[in-house]
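Written below as structure tokens is the structure these notes are about.
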Amino acid sequence: MSKFRLIAFCFLVSLVATSCSFSSHLAPNILHSINYSGQYHWHSQTKTLTFLSSGSLNSGHQGWDIPKQIKTLKIAKNVKVQGRFNVFHSLEIKGQNAVTSLIYGTPIKRYNKLNNGCGLCKSAILARGEIQVKITNLTSLDPYGFHFTGKDGAQLIIDGVRAIDARGGHQNNSDGVSAASGTIIRNSYFETADDVIKVYADITVENTMIKMIGNTVPIQFGWGSYGNNATAVFNNVTIIGEAGRNNTGNAVIDARKGRYTKNLILDKVTIINLNSALINFWNEGQQAPAGTANIVINNSTIEVNKFAYLKNMQANVKVCNQMVPLDTTQTSWSCGQSNLASME
């Protein structure tokens, strides 16, 4: 065999070997737990698992427990992975394309309500423990339950992500983000039919857009007496739409149940929904005042239908450097310069 033919033959053998690395038998100690109908590739040196073609994780809403050997989980462009992930160690989950790299749940409305009712347990990504999980450059679409959850101290760094519920209807439990202190959400887009940002710990949201559709609550203080004194900072965030959760007055900021102190700092924020109330302090079942809300909004533009819907909290609200009483009839404010973030 000539030297040229030998080189060509070795090259072809190399290609064949690479193309065969789609199946788990090449790394049985690492990928023995995966049962995925599409193609994937394991790179042992970088500890990276890449989903190369669309398919389903046969664990369904129970989720796949990502092995600790995996440091990076990638979804290639134009790939839809149906299922969900359980994470117990620090790693990054990222897409090659923010729009076409998908974690997909189900088309069934009210799926969680019909299946034992634990929405966070069915999160597209559920992280647990004192870990940090980066979620970047991908879309979570129609999850079985919540989109992204960090429990038991799990901190999420969410960057360049789209979280969307396109099924319509109410009670899909497709909440956006609930995670530990230090969580950061940036450069992202939310269009989901439930609570979007849960202020249960100290979190930061920046350069992000939230679109209010049916049943959306952009900022949720809580459904119980937890997260006391949590602070959320919103910088350069846009909240727009024409809908919301009807029984809250389509509120942008909602306190549903419990007794707690919650703090909000909003800067360079645009809020435009002419069918919404800015705040709703429901805290049902609690004797007033059911805790305290401290809210500061500067350098922002606000256009809503009503300032406050229900008022069952002590409220210290300052907008554009002026204290605003809960019974005000004012519905629009403009001060400084707010920027219209757009990540759709």
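Quick look at the values:
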| item | result |
| --- | --- |
| Highest-fluctuation residue, His43, His147, His89 considered, GNM on the chain with Cα pairs under 10 Å | His43 |
| FRET efficiency for Gln62 and Asn316, using Cβ-Cβ distance with R0 set to 45 Å, rounded to 0.05 | 0.55 |
| Environment charge at Trp42 (Cβ cut-off 12 Å; Lys +1, Arg +1, Asp -1, Glu -1) | +3 |
| Calculated FRET efficiency for the pair Val99/Leu52, C-beta based, R₀ 22 Å, to 0.05 | 0.80 |
| Cα gyration tensor, the stretch 57-133 - rounded (a/c under 1.5), prolate or oblate | oblate |
| Radius ratio Rg over Rh of the stretch 162-271, counting only Cα atoms, Kirkwood formula for Rh | 0.93 |
| Column: log10 I(q)/I(0), Debye, Cα scatterers of the stretch 207-296, q = 0.13, 0.19, 0.20 Å⁻¹ | -0.41, -0.86, -0.94 |
| Size of electric dipole in the chain: Cβ of Lys, Arg +1 and of Asp, Glu -1, about Cα centre, debye, nearest 20 | 860 |
| Segment Ser225-Thr204, extension gain: residue separation times 0.36 nm, minus the distance between their alpha carbons | 5.4 nm |
| For the chain: relative contact order, % (alpha-carbon pairs under 8 angstrom, 6 or more apart) | 9 |
| Top of Ser53, Ser181, Ser123 by mean-square fluctuation, Gaussian network on the chain, Cα under 10 Å | Ser53 |
| Pairs beyond 24 Å (Cα-Cα), from Lys47/Lys77; Lys47/Lys134; Lys134/Lys318; Lys68/Lys211 | Lys134/Lys318; Lys68/Lys211 |
| Mean shadow area of the stretch 229-344, taken as a quarter of the surface of its Cα convex hull (nm²) | 6.8 |
| Largest-first ordering by accessible area, 1.4 Å probe, given options Met212, Met323 | Met323, Met212 |
| Rounded tilt (10° steps) of 3-19 against the dominant C-alpha axis of the chain | 40 |
| Range of Cα positions in the chain per principal axis (Å), largest first | 89, 42, 34 |
| Within the stretch 126-185: Cβ-based charge dipole about Cα centre, in debye rounded to nearest 20 (Lys, Arg +1; Asp, Glu -1) | 60 |
| Rounded percent of accessible protein surface that carbon and sulfur make up, the stretch 76-151, 1.4 Å probe | 48 |
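The values are calculated or read from the model by the stated rules, or taken from the named source; none is laboratory data. None of these values were measured; they are calculated from a predicted model. As a convention, Cβ positions derive from the backbone with ideal geometry for all residues, glycine included, and neighbour counts pool all protein chains shown. The area values use the complete protein model at the heavy-atom level, side chains included, leaving out ligands, DNA and RNA. Shrake-Rupley method; radii C 1.70, N 1.55, O 1.52, S 1.80 Å.
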